[in-house]
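Student: Right, I'll just put the structure down here and ask away after.
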Amino acid sequence: MIKPAVILLSGGLDSATTLAMARADGFDCYALSVEYGQRHSSELDAAARMARTLGALEHRTMRVDLAGIGGSALTDSNIAVPEAPTSGIPATYVPARNTLMLALALGWAEVLGSQDIFIGVNAIDFAGYPDCRAEFIAAFENMAALATRAGVEGQPCRVHAPLISWTKAQIIRAGVRLGVDFGATVSCYQADELGRACGRCDSCRIRKSGFEAAGVPDPTHYRAV
C-alpha cells in the first residue's frame, strides 16, 4: 500500500534523521525545502543531497520572503547571530517560520493525497522557539483538519514530530543506525558558501555537544579559525 508523506527538509541534522525515519517506516517520501531568505544557501544544497541519498521520491524547494518581514538574525544581516548562550527566545527565532512551512507542506500533502507530514522540530534543544513545542504541533494539526477539504471530508492530515522530545545524542544515534551521512548535513546558522560551520553559534554548539554525548565522531566541516 502506497503511503505518501511530505517531509520538511532543511538540510540539517534533525530533518535528515526525520526523513530517514519516515522512509524506514514505509512512507513514500516527498521532501520539501523552503528558501525563506536565510543567510546562506548551503543548507538548501545539503537538503538536495539528503533527498537524493535518503531516497526521497521527489524534492521541491519553495520560496517565501521572510527576509521581507525581518526580525530575525537568520533573515536580517543587521542582526548579529548570537555566539554565546542567551536566555529567553533567541535572536535566531524566525517569526512564523514553522507555521508557514507546515502550511506549504499541508497544501502539497493534500494535492498528493497524503495524510502525513513530518517535521524535525525538537523541544529540548530548541526550547526557546515557540514553534518547536508539542502544543504548537497539536494546534496546527487541529487547524489543518478544519482548513482543508481532506480534513472536512474525514481524512485529516497528521503532523509527525518524532524527534520532539529526544536529546541531540538520541537523534544522532538514530541517524547513524539509519545510515544518515551527517557530514553532508549543514546545521550552522552562518555557514559559508561551502557549507563549513562557524563552530560558535547556538546550533553549532548544540550539534557538537550532541556528537560528544552520543559517543560518535563529529563529521562536521568547520571553517579554519
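Where a number appears in this text, it was derived from the coordinates with a stated rule and is not lab data. No experiment lies behind these values; they were computed from the predicted model shown. Because the Cβ atoms are built from the backbone with ideal geometry, glycine has one as well, and the counts that use them run over all protein chains shown.
Student: Treat every Asp and Glu Cβ in the chain as -1 and every Lys and Arg Cβ as +1, leave all other atoms uncharged, and give the resulting dipole magnitude about the Cα centre to the nearest 20 debye. The partial results should precede the final answer.
Tutor: Details: 20 positive and 23 negative charges, 76 e Å.
Dipole size: approximately 360 debye.
Student: Taking H placed 1.01 Å from N in the peptide plane, check which residues at least 5 places from His40 or on another chain put their amide H under 5 Å from its amide H.
Tutor: none
Student: What does the convex hull of the Cα atoms of the stretch 33-183 come to per residue, in Å³, rounded to a whole number?
Tutor: It comes to 132 Å³ per residue, whole-number rounded.
Student: Roughly what angle does helix 168-177 make with the longest principal axis of the chain, taking Cα atoms, 0 to 90 degrees, to the nearest 10?
Tutor: The angle comes out near 70 degrees.
Student: Provide the FRET efficiency to the nearest 0.05 for the Ala103-Glu212 pair, computing r from the beta carbons and using R0 = 41 Å.
Tutor: Taking R0 as 41 Å, the efficiency between Ala103 and Glu212 is 0.70.
Student: Under a 5 Å amide H to amide H cut-off, with H placed in plane at 1.01 Å, what residues pair with Ser33 once short-range neighbours are removed?
Tutor: When sequence neighbours closer than 5 places are left aside, the close amide H contacts are Leu9, Arg60, Thr61, Met62.
Student: Any idea which of Ala109, Gly175, Phe136 is furthest toward the positive side of the dipole for the stretch 88-197, if Lys and Arg beta-carbons carry +1 and Asp and Glu beta-carbons -1?
Tutor: Towards the positive end, the residue furthest out is Gly175.
Student: So what's the angle, to the nearest 10 degrees on a 0 to 90 scale, between helix 97-112 and the longest Cα principal axis of the chain?
Tutor: Once rounded, the angle reads 40 degrees.
Student: Can I ask one more? Would you calculate, for the chain, the mean residue ellipticity at 222 nm contributed by helices, counting each DSSP H stretch of 4 or more residues as -39,500 (n - 2.57) and dividing by all residues, to the nearest 500?
Tutor: -11000 deg cm²/dmol
Student: Moving on to the next point. Arrange the peptides 23-31, 85-93, 44-52, 58-66 so that the one whose residues have, on average, the most other Cβ atoms within 10 Å appears first.
Tutor: Descending mean neighbour count gives 44-52, 23-31, 58-66, 85-93.
Student: To the nearest 20 debye, what charge dipole does the stretch 78-145 have about its Cα centre, counting +1 at the Cβ of each Lys and Arg and -1 at the Cβ of each Asp and Glu?
Tutor: Taking the Cα centre of the stretch 78-145 as origin, the dipole is about 120 debye.
Student: Taking Cα atoms, how many degrees apart are the long axis of helix 202-214 and the longest axis of the chain, rounded to 10 and kept between 0 and 90?
Tutor: That helix lies at roughly 90 degrees to the long axis.
Student: I'd like the distance between the alpha-carbon centres of the stretch 102-162 and the stretch 39-64, rounded to an integer number of Å.
Tutor: If you average the Cα positions of each part, the centres end up 20 Å apart.
Student: Take each of the peptides 68-76, 113-121, 148-156, average the number of other beta-carbon atoms within 10 Å over its residues, and list them starting from the highest.
Tutor: 113-121, 68-76, 148-156
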